[in-house]
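What follows is a set of notes on a single structure, which appears directly below.
The values are calculated or read from the model by the stated rules, or taken from the named source; none is laboratory data. Since the structure is predicted, the reported quantities are computational estimates derived from the model, not experimental observations. Cβ placement follows ideal geometry from the backbone for every residue including glycine, while neighbour counts extend to all protein chains displayed. Please note that ligands, DNA and RNA were not included when accessible areas were found on the heavy atoms of the full protein model with its side chains. Shrake-Rupley method; radii C 1.70, N 1.55, O 1.52, S 1.80 Å.
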Amino acid sequence: MTGTPHPRPVLRSRLEAAAWQHRATLVRAPAGWGKTFGLDAWTASSPRRDRIARAELDPSCADPVVFWARVAEALARVDDRFAALSPPPAGVNDRRGWIAELLATGRGAPADLVLAVDSFERADTATIGDELGQFLHGRSRIRLLLAGRTRPRLALARLRTSGALAEIGTEDLGFTADEARSLVDDPPGPEYEDTIRRAEGWPVALRIAADHPHERLRGDHHHLYDYVVEEVLDPLPSDLRGFLLDTAVLDWLSGPLCDAVTGDTDGGGQLARLDREGLFVVPLDRRRVWFRYHPLFREALHRAATLEGVDAVRGHRRAARWFVDHGMPDRAVAHLLTAGDEADAGELIAATYWRMLDVGHTATVLGWIDRLPAEHLHADARLLLAHASASLFAGRTGDVHLALARAEAAPARPGALPDGLPSVDAGIALGRATLNALLGNVGEAMRWAQRARSMHGPKHFTQRANCDIILAGTAYYAGTADDVEFRLVEIVEAATPMRNTVAEIAGRAMLARVRAERGDLSAAREQLVRADTLLRSRYAAAPFAARVLALCRAAVDHRGGAADAAVAGYTEARDLSIAAADRITAPDAVLGLAELALDAGRAEDARSRLDEAALLLAGCDDPGHRLRARQAALEARRADGVAADPTAGGLLTVRQGTILRAVARGLSDAAIARELGVSPRTVHAHLRAINARLNVHSRSDAVRAYRAAGGPA
């Protein structure tokens, strides 16, 4: 690295603690991670800097005699007694005796000292490794700090398990986001923030980026590219350099995959070598089987490979073939698209998009679609269905309508499709059913879902369950079917063995709501627990399932009298639905919030919620009888309760006065509810609001306060 060192107080503290508390400290990171700067800053600031012996190595130090002579010189600069040592001998056995003498001199030191060896990779030979092992395990007051790019040839496991080893790596040396921002004078813009994310703390990259804060730094930037070539690639042996350039096409790396791309047989060994030598590979698992390159380093490799004529297209095709052969076709798609093989990529997209959507990779599928040439996409109805489905998951309803229209006009694809659809027409019908349900057109959604279901046979069970969930939902909102609960039970029982995550979560959530509405709260909560467990067990099963679960959980909490939880659930469902342009779930959730506000006597909040619900419902062509009837009932409640009861000095609403007069007559809550045509829960809510308004804590006190204010009883 070049430039002025940046203050790193946390790193200095880490080095100070590690160096003086451990027998050995290993500082290991690739080029440009500020190892030397870190040592310089720590040495200058340490209270015991006069006891730190710095040994700077050059390539000649690969000779053990030169290495130990450099060590003795460094130690002599902080303790004169080491100057009396004879030069290290050339013979291995003689040198072991000399190292023993060095250790004995260290044992007699008046205080501990640290031997800090920088650029240790220049002396990392088997012989020096063996001799350093003798040095480390001998008795002495000399503590060892090795800084370099490679993992030294030492028995680190023994030191690590005994607690004698401290390790400082890229996570310690790398700049934090705040440190990176402090490199620029003005508040960083989005380009620099993007660079911070992609640099992953790499100090030399961030210093270069700080000189151009309004650009997104890439690995092919001439300053960074020159650094990578001169400091990393050029010093490498030709076989390792060639391996790096050939595998630059890969975002994932494993031994067998690299072999498939390079045509060689030692991919695993080369990756282990890169890992040991600190060449910008990041392990992706604990077994160190899968790796990736640092993103900016990989971009620099791309440019170097292009300039040297590496056939990247061939590499992408080989990688795609390997991923397909090993059951990972979704990863093959990106390689095929990069290679320009749109036809093969399209086949894989059609075969895998539904699985990708089911586990939450909506952005990935949309990214694939966006990379396909328009003429290829518009000619394949299967890919247009993939586009429609991904757009549905992303809440892009305008794109859904356009994709379905283009699918209708595209050349037909006879026979079943890879995603479980029996035909293109069945996929279009299901897409239109889903779109109409989102747009709040219950009648049309039901008609299209019935049409789609009629096209699905028993073997098309996954998509038939999706038809059934739309039919159950539309029947619920239409308020025309008495067998919704039975339908939902069938959906859940069918979806569970086939692992249709979306249908099962939505089915269990809706079933919980229906059972709560008929008073079986225990059965309702059991379904919610199972739905929630399933949602958490899979990565982001679907936004649709998440918002339906939030809505139905809120409805169950509402029925159970848990008002605070219901408010939180309805709010979550509302926000998720508005973000996804779901016009049926959003007003349902807002009406729930309005009812809770009415129950609590918050007239202004209720008015605001009902106005919002009216606006949302106005955007629906046919939201169904249930929501319209609920809206009308809540509007009537609000109108009835807004007028103050003049007989009680305006303290209570008319409805609240009616309830208190019923209480004074000795009626129970259930009897009052029957008389007024409301639920006992509503009566409870009104009584809580009455107590708050009259500043009392019991029914009898409320009646007395009401009478005192002039209310008849």
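The table that follows gives values for the structure above.
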read-out: Residue among A410, A386, A433, A403 that is more than 30 Å from R626 (Cα to Cα) and touching a Phe, Trp or Tyr at 6+ places or on another chain (Cβ under 7 Å); value: A386
read-out: Residue check for T247: among the hydroxyl-bearing types (S, T, Y) and either in contact (Cβ under 8 Å) with a residue 60 or more places away in the chain or not in a helix (DSSP H, G or I) (or both); value: yes
read-out: Residue pairs meeting the criteria (Cβ under 8 Å; at least 6 apart or on separate chains; first free of Cβ contacts under 8 Å to residues at least 40 places away in the same chain, in the range 276-295; second of a type in the set (D, E)); value: V281/D275; P283/D275; R288/D275; F291/D275
read-out: Residue list for the range 113-170, filter: among the polar types (S, T, N, Q) and farther than 25 Å from L236 by Cβ; value: Q134, S140, T161, S162
read-out: Flag for R303 being surrounded by fewer than 21 Cβ atoms within 10 Å (Cβ to Cβ), under 30 Å from W354 (Cβ atoms) and not aliphatic (A, V, I, L, M); value: no
read-out: Residue in the range 652-663 that is modelled with the lowest pLDDT, counting only those that are surrounded by 18 or more Cβ atoms within 10 Å (Cβ to Cβ) and among the aliphatic types (A, V, I, L, M); value: L652
read-out: Matching entry among V66, V92 (being surrounded by fewer than 18 Cβ atoms within 10 Å (Cβ to Cβ) and modelled with pLDDT under 95); value: V92
read-out: Qualifying residue in the range 398-421 (condition: closer than 21 Å to R453 by Cα, of a type in the set (A, V, I, L, M, F, W, C), free of Cβ contacts under 8 Å to residues at least 60 places away in the same chain and open to solvent by 50 Å² or more (accessible area, probe 1.4 Å)); value: yes
read-out: Of residues in the range 548-568 being open to solvent by less than 10 Å² (accessible area, probe 1.4 Å) and under 23 Å from the mean Cα position of the chain (by Cα), the one farthest from N500 (Cα to Cα); value: A550
read-out: In the range 335-357, the residues that are within 19 Å of V400 (Cα to Cα), open to solvent by 20 Å² or more (accessible area, probe 1.4 Å) and not basic (K, R); value: W354
read-out: Whichever residue in the range 668-693 is small (G, A, S) and under 45 Å from the mean Cα position of the chain (by Cα) and, among such residues, is nearest to A633 (Cα to Cα); value: S679
read-out: Residue check for P283: open to solvent by 60 Å² or more (accessible area, probe 1.4 Å), under 30 Å from P235 (Cβ atoms) and under 29 Å from the mean Cα position of the chain (by Cα); value: no
read-out: Failed item in (1) touching a residue at least 24 places away in the same chain (Cβ under 8 Å); (2) over 16 Å from V71 (Cα atoms); (3) open to solvent by less than 30 Å² (accessible area, probe 1.4 Å), with I196 passing the rest; value: (1)
read-out: Extreme residue, most open to solvent (accessible area, probe 1.4 Å), among residues of the range 70-89 that are of a type in the set (A, V, I, L, M) and touching a residue at least 24 places away in the same chain (Cβ under 8 Å); value: V78
read-out: Subset of the range 569-609 [open to solvent by 30 Å² or more (accessible area, probe 1.4 Å) and under 17 Å from L439 (Cα atoms)]; value: R574, D575, L576, I578, A579, A581, R583
read-out: Single match in L145, L154, L132 (criterion: closer than 22 Å to V66 by Cβ, modelled with pLDDT of 95 or more and either of a type outside the set (S, T, Y) or not in a helix (DSSP H, G or I) (or both)); value: L145
read-out: Any hit, the range 366-375, residues being under 27 Å from A445 (Cβ atoms), open to solvent by 20 Å² or more (accessible area, probe 1.4 Å), acidic (D, E) and in a helix (DSSP H, G or I); value: no
read-out: Tabulated pairs, the range 689-713, first open to solvent by 30 Å² or more (accessible area, probe 1.4 Å), second outside any helix (DSSP H, G or I) and at pLDDT below 80, C-beta under 8 angstrom, 6+ apart or interchain; value: R693/L651; R693/L652; R707/A713; A709/G649; A709/L651; G710/G649
read-out: Pick from the range 110-129, criterion modelled with pLDDT of 90 or more and either touching a His at 6+ places or on another chain (Cβ under 6 Å) or among the acidic types (D, E) (or both), ranking: most open to solvent (accessible area, probe 1.4 Å); value: E121
read-out: Residue in the range 506-525 that is free of Cβ contacts under 8 Å to residues at least 40 places away in the same chain, surrounded by fewer than 19 Cβ atoms within 10 Å (Cβ to Cβ), within 27 Å of R559 (Cβ to Cβ) and among the β-branched types (V, I, T) present; value: no
